[in-house]
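Below you'll find the structure, written out as structure tokens, and then a few comments.
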Amino acid sequence: MQDSTETNLDALFNPASVAVVGATNDVGRIGGVPLDLMIRRGYRGRILPINPKYAEIQGLPAYPSLAAVGAPVDLVVVAVNAAAVPQTLEDAIAAGAKGMVLFSSGFAEADEAGRAAQQALAARARAAGVRLLGPNCLGLMAFASNVYATFSPAPRAGESKQGDIAIVSQSGAFGAFAYSLARIKGLGMSYWLTTGNEADIEFADCVAWLANDPATRVILGYIEGCRDGAKLKRALAAARAAGKRVVITKVGRSALGSAAAASHTAALTGEDAVYDAMFRQYGVWRARTVEELFTVGYAASMCAAPASRRIGLLTTSGGVGVLMADEAVDCGLDVAEMPAAAQAALRAKVSFAGPRNPVDITGQHQNHPELLGETLENMLGRGPDQGRYDSLLFFPAAGLLGSPRAQVVVDALIAAHRRHPDVPLGVNGLARPEQRAQFEAAGIPVLEEPSGAVRAFGALAFMAESARRAAARAPIALPAVAPLPAHALTEIEALRLLRDAGLPAMPCRHAASADEAAAAAAALGFPVVVKLSSRTITHKSDVGGVRLDLADAAAVRAAFDAVTASARRADPAAHVDGVLVAPMIRGGVECILGVQRDPVFGPVVMFGLGGVLVEALKDVSFRVAPIDEAEARAMVDEIRARRVLDGMRGAPPADVDALAAAIAALSRFAAAHADRLESLDLNPFVVLPRDGPGVGGARALALDAVLIARS
């Protein structure tokens with residue numbers, strides 16, 4: 001069931017009537033462009049020019065005001081100056097309007113007075129149930145119904161093809177460029193939406209509406225920022241659940257507005273890293289260039305979801321095959337070798353062919369017309385001696401341009417795709433327009449540039465994998481927790497909180513004297529670690545507050561005296577309430593787990609390998625809390641040094657399952673304390689051997705914790 005918000009957006013994006021306030025006969029002016037476009041393109045609803053100066057505008061009866069129309073109006077397009085907008089809104093409310101597109105500038109983008117005027121405008125519209133797109137926006141286009149509520153000159157340069165790709169842009173200039181590029185590339189579009197200042201309707205609102213639009217399969221986005229992270233997450237989740245592919249270009253890179261000195265996680269997290277993590281988490285492909293945005297969008301609109309990352313590369317050029325293979329490995333695709341029987345079958349036809357993968361049939365397919373079809377079937381077939389690839393790219397070089405046998409190639413590819421319609425098949429190279437039309441009619445994209453084509457198929461695999469994970473995910477239940485204390489926590493207090501929330505942490509004891517420390521060490525078992533206990537000194541090692549590998553009671557007593565004295569010398573006013581005593585844990589892989597509160601998206605969880613180089617190398621991954629163990633496992637698999645956890649140079653494999661479970665538990669803890677948690681570092685967090693006994697049965701546990709609550 002749709003709520004009133006969704007209904008109002010329906011009327012905004014698919015109106016039965018459109019009034020243009022500030023309409024004019026000059027088709028080059030802002031108030032003339034929307035009328036001209038809708039008249040010439042055949043908008044089937046009622047077009048209502050509003051301007052008291054004219055009885056007729058562009059051949060249509062004109063009205064002096066919205067009230068003079070005498071009937072409800074779905075959409076009001078506003079092309080008047082900012083000073084006239086408040087009264088126009090009142091007129092629209094009286095006319096029963098459900099939506100407004102505000103071209104007018106001079107609001108929040110101008111100055112504080114404009115910001116206040118924009119807020120008042122949005123509040124009045126919200127109270128009256130009128131949805132606003134803008135102000136300071138380029139408007140919208142709905143191609144099935146020929147709604148052109150825009151003053152952009154871009155659609156006047158040529159009509160776009162109707163299709164299943166929607167474009168949503170916070171920038172009008174980028175939106176106009178994107179429209180023009182999509183038209184030139186021949187991409188079919190369903191909607192084109194620009195949001196401007198976002199006084200009411202935001203980028204996320206548009207994505208959420210398109211998620212439920214049956215005419216849209218792919219959503220291409222341009223975003224500069226977001227004020228409501230929860231809304232954007234819901235919109236992206238809805239799009240993925242509805243099977244829509246989302247590709248976004250996000251611009252702007254800046255440091256997170258938080259003090260990095262107290263937290264390793266804050267030093268490693270930035271605004272851009274959080275957006276990147278959120279996109280990964282919700283199955284959004286982040287395009288780094290405009291060309292990539294459209295290449296991936298085009299492939300996503302044409303192809304089915306691949307069943308795995310296993311890709312076949314078929315070429316008539318060994319060199320380009322290597323280029324494609326390199327790119328495929330970089331994209332995380334599986335360039336698995338062809339089965340021996342399939343390789344032998346190809347060599348029997350062409351002894352000098354390259355039969356492994358990439359598969360190079362050379363130019364001999366010109367002499368053996370059946371060779372391409374047989375090779376395609378050997379690569380796509382599901383038999384035990386066939387390749388069973390879940391996507392395939394074919395590079396014909398220039399073979400389709402002038403060869404008399406070009407149609408044989410086209411027919412072989414189309415026939416192979418008809419036999420295996422669920423396997424994405426793409427042509428990667430040059431084709432004549434009539435050949436491109438045949439391929440596209442059959443559901444085969446033509447992607448000219450080899451590396452870009454491979455990245456596009458990598459994007460398809462990523463989005464399909466994310467959708468499968470989401471479909472298998474059970475709802476995440478957050479633990480019932482008491483509020484975080486108002487005061488700063490010592491390490492042992494932080495570890496106890498985490499342990500109570502289900503996170504594995506090392507056993508430890510607090511000691512207020514040297515004798516208590518020795519007794520605690522004897523109870524835990526030697527050797528032990530002694531660490532300063534303080535609410536004000538965050539990095540204990542910086543003040544000599546850590547002693548390792550203490551083998552007897554005398555060493556523990558001496559360590560107590562040394563670390564407490566060292567802390568008081570470094571900061572005589574520091575809070576020192578004794579020491580923490582813990583077992584000395586050897587072996588395993590040191591990691592860092594952390595949480596940082598993002599001002600837009602809330603708690604963000606971080607994972608990386610530990611050690612002194614983590615901040616320099618920034619080999620870390622992020623997710624917005626909470627996540628499940630499958631998503632945590634994906635985080636682990638993303639880092640460049642992932643192989644270290646599998647055991648290197650004779651080291652045993654670490655328990656990655658236990659690590660993923662700990663990351664997921666940390667994310668639940670962070671989400672449960674979202675209102676009070678500023679940051680949390682678990683560094684080091686050790687992951688012990690998968691087949692070892694662990695510590696108290698745990699094979700992944702926090703050895704240190706720094707928790708900072710919001711003041």
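The values are calculated or read from the model by the stated rules, or taken from the named source; none is laboratory data. Please read these numbers as outputs of a predicted model, since none were measured by experiment. Cβ coordinates were reconstructed from backbone atoms using ideal geometry, including for glycine residues, and neighbour counts include every protein chain displayed. Heavy atoms of the whole protein, side chains included, go into the accessibility calculation; ligands, DNA and RNA do not. Shrake-Rupley method; radii C 1.70, N 1.55, O 1.52, S 1.80 Å.
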Along its three principal axes, how long is region 399-444 when you only count alpha carbons? Whole Å, largest extent first please.
30, 16, 16
Skipping prolines and chain starts, which residues have an amide H placed within reach, meaning under 5 Å, of the one on A62, given they are 5 or more residues away or on another chain?
E56, I57
Nearest-0.05 FRET efficiency for L430 and A242 at R0 = 35 Å, using Cβ-Cβ distance, is 0.50
Would you calculate, for the chain, the mean residue ellipticity at 222 nm contributed by helices, counting each DSSP H stretch of 4 or more residues as -39,500 (n - 2.57) and dividing by all residues, to the nearest 500?
-11500 deg cm²/dmol
Gain in length, A554 to N367, computed as 0.36 nm per residue apart minus the alpha-carbon separation, to one decimal in nm?
58.6 nm
Whichever lysines have a C-alpha closer than 27 Å to that of K161, once near sequence neighbours (fewer than 8 apart) are set aside:
K185, K244, K250
What distance in nm separates the simple spin-label points at S541 and V251, each placed 7 Å from Cα in the Cβ direction?
4.2
Relative to the first principal axis of the alpha-carbon coordinates of the chain, what is the inclination of helix 290-302, with its axis defined by its Cα atoms, in degrees from 0 to 90 and to the nearest 10?
80
Karplus couplings for region 457-470 from phi (6.51 cos²θ - 1.76 cosθ + 1.60, θ = phi - 60°), rounded to Hz, Gly and Pro as x?
6, x, 5, 4, 5, 4, 5, 5, 5, 4, 5, 5, 4, 5
HN-Hα couplings for region 122-137 via Karplus (6.51, -1.76, 1.60; θ = phi - 60°), in whole Hz with x for Gly/Pro, come out as 5, 5, 5, 5, 4, 5, 8, x, 9, 8, 10, 10, x, x, 6, 10
Ignoring ligands, DNA and RNA, what percent of the accessible area of the chain is carbon or sulfur (1.4 Å)?
54
With 0.36 nm assigned to each residue of separation and the Cα-Cα distance removed, S65 to D272 gains 69.9 nm
Using only alpha carbon positions, build the gyration tensor of region 1-88, then give the equivalent ellipsoid semi-axes as the square roots of 5 times its eigenvalues, largest first, whole angstrom.
22, 16, 12
Can you tell me the accessible area per residue over the chain, all protein chains present, probe 1.4 angstrom, in square angstrom?
39
Under 5 Å from the placed amide H of M189, counting only residues 5+ away or on other chains, we find K161, Q162, G163, I165
Starting from the Cα of R419, step 7 Å along the direction of its Cβ; do the same at A16; then give the gap between the two resulting points in nm.
5.3
Alpha-carbon Rg/Rh ratio, for region 652-693, with Rh computed the Kirkwood way
1.10
Where does each of 163-172, 693-702 land if you order them by average Cβ count within 10 Å, highest first?
163-172, 693-702
Applying 1/(1 + (r/R0)^6) with R0 = 45 Å to the Cβ-Cβ distance of A173 and V322, what FRET efficiency is obtained, to the nearest 0.05?
0.70
Taking θ as phi - 60°, what are the ³J(HN,Hα) couplings along region 599-607 by the Karplus curve (6.51, -1.76, 1.60), each to the nearest whole Hz, with x for Gly and Pro?
x, 9, 9, x, x, 10, 9, 10, 9
Over all directions, what mean area does the Cα convex hull of the chain project, stated in square nanometres?
36.9
Using only Cα atoms, tell me the angle between helix 514-524 and the longest principal axis of the chain; keep it within 0 to 90° and round to the nearest 10.
70
Fully extended, how many nm does the chain gain between D577 and R640 (0.36 nm per residue separation, minus their Cα-Cα distance)?
18.6 nm
Cut-off under 5 Å, modelled amide H: who pairs with R131 long-range
G99, M100
So how far apart, in nm, are the two label points at A630 and A348 if each is 7 Å from Cα heading toward Cβ?
4.2
